[in-house]
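Undergrad: I'd like to ask you about the structure that follows.
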Amino acid sequence: MHHRDLNLLVALDVLLEEGSVAAAARRMNLSPPAMSRTLSRIRAAFDDPIFVQAGRRMTPTPRALELQQQVHAVVAQATGLFRNDAHLDLSRISPVFTIQADDLFLGALGAALLERLRSECPGATLRFISHDRHDDVSLSLRERHADLFIGAPLPFKPEIRTQSLFTTGFRGFARKAHPIFRQPVTLERFVQFDQISISRQDRYSGAIDEMLAARGLARRIVLIVPTFFTMIETLRGYDLIMLMPDIVIETLPHREIGLRAFELPFPTAPLTGLQAWHPRNDKDALHRWLRRKVRELCVEMKNKHPALSAPDALNE
């Protein structure tokens, strides 16, 4: 066949993303028999089965996996030729962005991101979905359950794109009347008070406890919870202390709600936040705009709050 049908590359790209003839047919608005015929033509064009039956599932062949990234790049580039990003009229559309995020970003910057988006796109809606430690975020992005992930680094699949957003340190946090504020906070005084530990893995100890143990000290952990924001109200009424990321401290009206931060008497490893997305969205004008707004918000946070650090320049 001297003249290849380039539409086969589009179909192959969708088939490899969906991993199913039926799902690819729905996405391309074709009937399953028509999609099956297209797969037959793809097999003939590449002289490879592309998919083979493995139980009840279709599994891509080694040749198909070898082609996947190259095919996607060609299709994305070709699609870009027909798109004029300069004519994206944000005032006339009502997009719904689904973001999978941990509570750190959602609580600290979720509302600020919505305000920033709606200042340019009044019809925009943000839909946040929860992020659990058992979630396969790469699969969530691949299967379009989420448009974007924002949170701490994860073991993403190789094809997932990532971009650093901010780095935050930690300080201690307690109610203003807590007795820890009566004297300078030393290691010895730090371990005297009941504490809350944040752990998504339900761990009873971590790097801080190992550091303290090496010095013959131990914290009194009385509460273990999975997220930072669940305990803010609790801190207001009880003599408990917890470590809180600077990004939360800087965005909370903690003075107005009766809370106070203090410097820790030991160093802590910083926490990094990033955004991650599927490569199908690399060149999509609306998705690029969303990522740019997220990044701008984090850079603005850095400029307002020196305790945070973020990339100095936007690269999109």
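Bear in mind these aren't lab numbers, they're just calculated from the coordinates by the rules spelled out. Note that the structure is a prediction, hence the values are computed from the model and not measured. Cβ sites come from the backbone with ideal geometry, for glycine too, and all protein chains shown count toward neighbours.
Undergrad: Calculate the FRET efficiency for Glu115 and Arg57 from the Cβ-Cβ distance with a Förster distance of 30 Å, rounded to the nearest 0.05.
TA: The pair Glu115/Arg57 has a calculated efficiency of 0.10.
Undergrad: Looking only at the chain, where both bridge partners belong to it, what percent of the DSSP beta bridges are antiparallel (to the nearest 5)?
TA: Rounded to the nearest five, the antiparallel share is 60 percent.
Undergrad: Pulled fully out, how much extra length does the chain show between Ala213 and Gln69, if you take 0.36 nm times their separation in residues and subtract their Cα-Cα distance?
TA: Gain on stretching Ala213 to Gln69: 47.0 nm.
Undergrad: Separate question: Is the stretch 170-262 best put as rounded, prolate or oblate by its Cα gyration tensor, with a ≥ b ≥ c the root eigenvalues, rounded for a/c under 1.5, and otherwise prolate when a/b is larger than b/c, oblate when not?
TA: oblate
Undergrad: Report the Cα centroid-to-centroid distance between the stretch 238-270 and the stretch 139-201 in angstrom, as an integer.
TA: Centre-to-centre distance over Cα atoms comes out at 11 Å.
Undergrad: Using a Förster distance of 30 Å, how high is the FRET efficiency between Ala45 and Phe156, based on the Cβ-Cβ distance and rounded to 0.05?
TA: Efficiency for this residue pair is about 0.40.
Undergrad: Using a 10 angstrom Cβ neighbour count of at most 12 plus a DSSP loop assignment to flag exposed chymotrypsin sites (Phe, Trp or Tyr not before Pro), which longest range of the chain is free of such sites?
TA: Longest stretch, sites excluded: 83-203.
Undergrad: How big is the chain on each of its three principal axes, counting only the C-alpha atoms and giving the largest first in Å?
TA: 83, 47, 30
Undergrad: List the residues, sorted by chain then number, that are 5 or more residues from Arg171 or on another chain and whose placed amide H is less than 5 Å from its amide H.
TA: Under 5 Å from the amide H of Arg171 lie the amide H atoms of Met244, Asp246, each far enough along the sequence or on another chain.
Undergrad: Evaluate 2.2 N^0.38 Å with N set to the residue count of the stretch 126-168, then give the Cα radius of gyration divided by it. Write out the running numbers ahead of the final one.
TA: Details: Rg = 10.5 Å, N = 43, 2.2 N^0.38 = 9.2 Å.
So the Cα radius of gyration is 1.15 times the expected 2.2 N^0.38 Å.
Undergrad: Can you compute the helix-only [θ] at 222 nm over the chain? Use -39500 (n - 2.57) per DSSP H run of at least 4 residues, normalise by all residues, nearest 500 deg cm²/dmol.
TA: Taking each H run of at least 4 residues, the total per residue is -11500 deg cm²/dmol.
Undergrad: For the stretch 7-82, what Kirkwood radius comes out of the mean inverse Cα-Cα distance, in Å? Provide the component values of the computation, followed by the final result.
TA: Numbers: mean 1/r = 0.0798 Å⁻¹.
With all distinct Cα pairs of the stretch 7-82 included, I get 12.5 Å.
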